[in-house]
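Scroll down for the structure; my scribbles are underneath it.
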Amino acid sequence: MQTKHSFKYWQWRVIVCSMIGYAVFYFVRKNFAFAMPNLGEEYGITNTSFGIILSLVGIIYGLSKFVNGIIADRAVARWHLAIGLAVCSVCNLVFGWSDKISTIITGQTGGAEFVSTMVIVMATLLVLNNVFQGCGFPPCNHLLAWWVPPKELATKTAVWNTSHSIGAALAAVFCGYIIASTGNWRYCFFIPAAIGFLGVVFIVATLRDTPSSVGLPDLPGTKTEIDGDDSPDAFRSFVRKKVFLNPVIWMLALTDLFVYIVRFAILDWGPTFLQQRELPLSPELAGWTIGIFEIAGLLGMLASGWISDKLFNSKTHRVCAVEMLLCGACLLVLHFVRNSASPVLILVLLALAGFFLYGPQALLGVTASKQATKKAASSALGIIGIMSYVSVIFTGAGLGWYSDKFGWDSLYLLMAGVSVLGFVSVALLWNIKDDGYIVE
């Protein structure tokens, strides 16, 4: 009884504290989207240039998630997470001085050479930032796979995944108010950097690694082929079989690509799009609109996890298929009312789209973790991370170029089509085996 009580305490402590730690990563990652309009106005930087930067850093982030996914299956999660956040906070602090750095390099405070140099400086800092942003999710996924039984993984991972929405929503509202109240893009980096440093202290003080690190037994029902053999060769062979040669993992990765195209189109370009549309929103209202999109996504994650475990017998991929189709329907309606005089109508429909979209965002990783087992869960999420962040080729440079050339009129229609592609790809997995564990 005492062991069970202690396990529940540590399980929820790990879930909640890793949620808080990961949410802080968003303050030092998604703030750039809110600085872009001011940077463009002050220095004449085009959406195409911003889009190229977003594509570059997104690809780097995806590669980083892949590498850190493999590292996370062998590393101590607490330090993995803390070191990543510390470096990201330093990058943001320096980013706030990127114009000063450009002046030192060029000896100018304006002009084409200065702007080009500043774009390069910003891109370099954002690339470095996203290299270490990849230290955020993989160690957290590692913790969940070791602390949560497979039959509870959808519900509790859905709870954990609200950290995405909490972090993104708080960052959106926070940065929206910073820009509106100060008109100074630099504070979008200085203040989040300070929050990031506090997050590092919190992670080190509160998190621990696997159950055995606090004297508790491992989860029952999670026996794998390499239990008792912790050698590098055995691990590499196991990862090759369960991840790299597993067609289910690759199909889940393809579906996540479609999910992230929709998600990043709204998160990265939403603040700009909502302020440049035919009936523009104020920076504050644009911030609240994106923030509420994230909060609706948070609720969607919780609902999808509960529905999966309670109504779909933990067959998370089936819930993903249904929700991708519903997300596409919401975006299709948004296309026809995009220039409505009512910001409330836009907000409600966008919130519904977020509600349905963020279920798959959470549950695709759950399906992958169960297929790869706790021994290789983060490695599987690394593969998905690469594919999901290939999305930035479309949402970064692609949408930046598209908006400069054609405007924003077809954004929602394009994203509705992408949602339908996501439905088709995950629906092909309807009858797969529940997990990759050995039956005990």
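Where a number appears in this text, it was derived from the coordinates with a stated rule and is not lab data. None of the values given here were measured: they were computed from a predicted structure. Glycine also receives a Cβ, built like all others from the backbone with ideal geometry; neighbour counts cover every protein chain displayed.
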Beyond 18 Å (Cα-Cα) in this structure, taken from Lys242/Lys310; Lys241/Lys374; Lys156/Lys242, we find Lys242/Lys310; Lys156/Lys242
For segment 409-426, Karplus-derived ³J(HN,Hα) couplings (6.51, -1.76, 1.60; θ = phi - 60°; whole Hz; x for glycine and proline) come out as 4, 9, 4, 5, 5, 4, 5, 5, x, 5, 4, 5, 4, x, 4, 4, 5, 7
Residue span Ala180 to Thr103: 0.36 nm per residue of separation minus Cα-Cα distance leaves a gain in nm of 25.1 nm
Computed from the beta carbon distance with a Förster radius of 51 Å, FRET efficiency for Ala234 and Val344 to the nearest 0.05 stands at 0.35
When Glu152, Glu41 are arranged by how many other beta-carbons sit within 10 Å of their Cβ, fewest first, they go Glu41, Glu152
Extension length gain for His335 and Lys405 (0.36 nm per residue less Cα distance), in nm, is 23.3 nm
Residues whose built amide H sits under 5 Å from the amide H of Ser314, excluding neighbours closer than 5 in sequence, are Asp309
Ranked from fewest to most other Cβ atoms within 10 Å of their own Cβ, Glu113, Glu323 fall in the order Glu113, Glu323
D (µm²/s, integer) via Stokes-Einstein for the chain, Kirkwood Rh across alpha-carbon pairs, 20 °C, 1.002 mPa s: value 98 µm²/s
In nm, the gap between the two label points placed 7 Å beyond Cα toward Cβ at Thr46 and Asp434 is 5.5 nm
Partner lysines whose C-alpha sits under 28 Å from that of Lys100, ignoring same-chain residues fewer than 8 away, are Lys30
Under the Karplus relation with 6.51, -1.76 and 1.60 and θ = phi - 60°, whole-Hz ³J(HN,Hα) for segment 320-333, x at Gly and Pro, equal 4, 4, 4, 6, 5, 5, 5, 4, x, 5, 5, 5, 5, 5
Proxy exposure order for Met251, Met415 (fewest C-beta within 10 Å first) is Met251, Met415
